[in-house]
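In what follows, a single structure is set out as structure tokens and then discussed.
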Amino acid sequence: MTMQSCVLRGGRVLRTGATRPERLDIVIGPDGRIAMVTPSAPAALGAQDINLTGRLITPGLVDAHQHLDKTRTRCEVPNPAGTLGGAIAAFRAYAEHRMAHAEILARALNGPWRHASPVAR
């Protein structure tokens with residue numbers, strides 16, 4: 001995938017191991033990857049300059065959590081209301097009558113990550 005290069009200028013960047021963010025420029029290459037992190041990036045011909053002075057720059061954040069209680073019960077535990085309260089009540093009723101400790105453990109150990117699910121890699 002080719003995209004336009006860009007320079008994120010003046011953002012606050014927290015480097016690995018640092019205790020405070022520092023003002024840095026980040027150069028993103030045409031492949032979408034970070035090419036350089038520096039206090040002052042040179043102007044790049046054709047690159048888009050984005051002024052982020054004073055703003056905190058973070059990498060793409062990935063939410064890799066998973067609800068183990070719902071891994072394989074979605075079809076068995078209806079929640080017609082579609083609300084959090086409905087989900088809690090439905091799962092409590094299901095767990096009361098259907099789930100033994102061994103079943104809960106089996107679900108946790110055989111979750112979708114064992115099948116390279118993009119949800120939890």
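Remark: ARG12, ARG20, ARG55 ranked as ARG20, ARG55, ARG12, counting other beta-carbon atoms within 10 Å and listing the fewest first. Residues whose amide H comes within less than 5 Å of that of MET36, counting only those at least five positions distant or on another chain, are VAL27 (H built at 1.01 Å from N in the peptide plane). In region 6-57, taking the dipole from charged Cβ atoms about the Cα centre, the farthest positive-side position among ILE26, ILE57, SER40 is held by ILE57.
Counting neighbouring beta carbons within 10 Å and listing from fewest to most, the residues SER5, SER40 come out as SER40, SER5. Counting other Cβ atoms within 10 Å as a rough exposure proxy, the listed residues GLU96, GLU22 run GLU96, GLU22 from fewest neighbours to most. Compared with the direct C-alpha span, the chain from ILE57 to ALA106 gains 13.6 nm at full extension, assuming 0.36 nm per residue.
Read the figures in this text as sums done on the coordinates, not as results from a lab. Here the structure is a predicted model, which means the values were calculated and not measured. Cβ sites come from the backbone with ideal geometry, for glycine too, and all protein chains shown count toward neighbours.
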